[in-house]
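One structure is given below, encoded as structure tokens.
The values are calculated or read from the model by the stated rules, or taken from the named source; none is laboratory data. All figures in this text were calculated on a predicted structure; none of them were measured in a lab. Here the Cβ positions follow ideal geometry from the backbone for every residue, glycine too, while neighbour counts run over all protein chains shown. Heavy atoms of the whole protein, side chains included, go into the accessibility calculation; ligands, DNA and RNA do not. Shrake-Rupley method; radii C 1.70, N 1.55, O 1.52, S 1.80 Å.
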Amino acid sequence: MGEIGSGKSSVVNLLVGKKVTEVSPDAGPCTLKTIRHEATIQVQETWKTVHIWEVVGFNQPEEMTGKDSGTALDMDLDPILQAKASVDVVLFCIQGSRIKNAPTRIIESVNNVFRRCVTIVPVINCLEREKNMEDWWDRNGERVKSMGLGETEHACITGLQEEKYKDKAMQSRTSLVAILEQRYSVWLWRAPVIMTSTLRNARNTSRKRDGRRTKNTQQPFAMMVDEAVLTVMVLGEIGVGKSSVVNLIIGEYVTGCSSDVEVCTRRTTRHEATVESMKVHIWEVSGFNKPEDLKKNAPDIEDKFGPILEAKASVNIILFCMRGQKVTATTKRIFELIHGIFKKRIPIMLVINHLERERDMEDWWRRNQGTLGTSMSGTRHVCVTGLRVNVDKEKSRTSREQLVAVLRSEYPSRERTVVPLESALRGHLKGSGQTDGGWLTWLRCKLGFGGAA
């Protein structure tokens, strides 16, 4: 997609490797309707079928705000919506010579729809006169980034395939295919984003116009989003793979994970994402050590729950992560601690991780359920692997599907089932009758119960 005259048709022809759509040096638009091109392109040394939706060019920003502009973008995207198509990447075309008059309003609208859902890669076209096409990015890249594009990926190309530009055209096609290769690596384990869901959840933007704030009436970018989010708390013992579970759910690397013994989750962090059209906040809680240490060490528990309490956050579901290879007594005691605090207040789901060596990951549960104890064995569970390298891709994809299914089951009732973390902890303190110090003392002070009981 892109502005009229940005060379979308030439980009399509370049990707496909032959002329499948008309191009013209004239001022008039070439792409008269949104159409799908199906092509076979060599990606990662194998031939893959690729669907390319060539979207009708957007008008100039000032023309988009006219009285009759409300349905323009909706009509452009109608064929994609009617086909219930999914999207893996958006190539946003910009003519290099027009950067000073770049369609910033269009870019803002596209960003509002797709960001956090689909990667948007700026494709800077018409650079055949550059000695080195990448020089254009060196001069103008920061300007493009300031518009919210190109933080991680971009392509500087020419869509012209005349004999005198043959080498640059080949270089351009290589750059475009490299984008597909990157997306294909993600596609192996991450489900594509359904266009209708993405648009349904697009934020309604506001603009200043004629000295007053008015709502943007463009469709489908004006579709109202349900602001209610599903809030997930991911916690567990140190080294159980909480970070890998978070990355698996979100579908990209947002938090570090390591096979080494060192701690990955050093502090409690919130991740915001859209997962399969669901707006999700994930609190990744720093790893627990021995529960005995928690009762004696108030700063440790403050590090874990403090940021969530400071944000006055609520929680819909807890994912308690544990290693499948060996369930230790420490793991069981930590679970009993968490279960004792949150039972009957916030639902808990066991996530048994590191099961990549199992032929059928669910076999682990069948063998070990009876050894876990009443509380743990009676808790809902999923068996997964958080690994995405050197592992059966089908297991990785199945693991993500299971985790997303858990979120999807909670999502419809998220507004009714959400529980403020502070409320859950208050309920525990009131009902526990415990008077020991350490973390209970800290919690009592934090929640306004005074000092030690």
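Classify region 117-182 as rounded, prolate or oblate, taking a ≥ b ≥ c as the square roots of the eigenvalues of its Cα gyration tensor: rounded when a/c is under 1.5, otherwise prolate if a/b is larger than b/c and oblate if not. In terms of gyration-tensor shape, oblate. Summarising the amide proton neighbourhood of His37: residues at separation of 5 or more, or on other chains, whose placed amide H is nearer than 5 Å comprise Ile52, Trp53, Glu54. Can you work out the FRET efficiency for the pair Leu309 and Glu401, with r the C-beta to C-beta distance and R0 = 30 Å, to the nearest 0.05? So the FRET efficiency works out to roughly 0.35. Full extension of the segment from Thr104 to Gln325, taken as 0.36 nm per residue of separation minus the current Cα-Cα distance, would add 74.4 nm. Per residue, region 311-392 exposes 48 Å² of accessible surface when a 1.4 Å probe is rolled over the protein heavy atoms with every protein chain present. With the largest listed first and rounded to whole Å, the semi-axes of the equivalent ellipsoid of region 323-435 from the Cα gyration tensor are 29, 19, 11. Given a 1.4 Å probe and the protein chains as shown, Asp167 ends up with an accessible area of around 120 Å².
Highest mean packing first, where packing is the average number of other Cβ atoms within 10 Å per residue, the peptides 319-325, 80-86 line up as 319-325, 80-86.
Relative to the current alpha-carbon distance between Glu162 and Ala85, full extension at 0.36 nm per residue lengthens the span by 24.3 nm. Using heavy atoms of the protein chains and a probe of 1.4 Å, the accessible area assigned to Val90 is about 10 Å².
Ignoring ligands, DNA and RNA, what percent of the 1.4 Å accessible area of region 327-393 is carbon and sulfur? Using a 1.4 Å probe with all protein chains present, region 327-393 comes out at 48 percent carbon and sulfur. Distance between the modelled labels on Asp78 and Arg408, one decimal in nanometres: 3.0 nm (7 Å Cα→Cβ projection).
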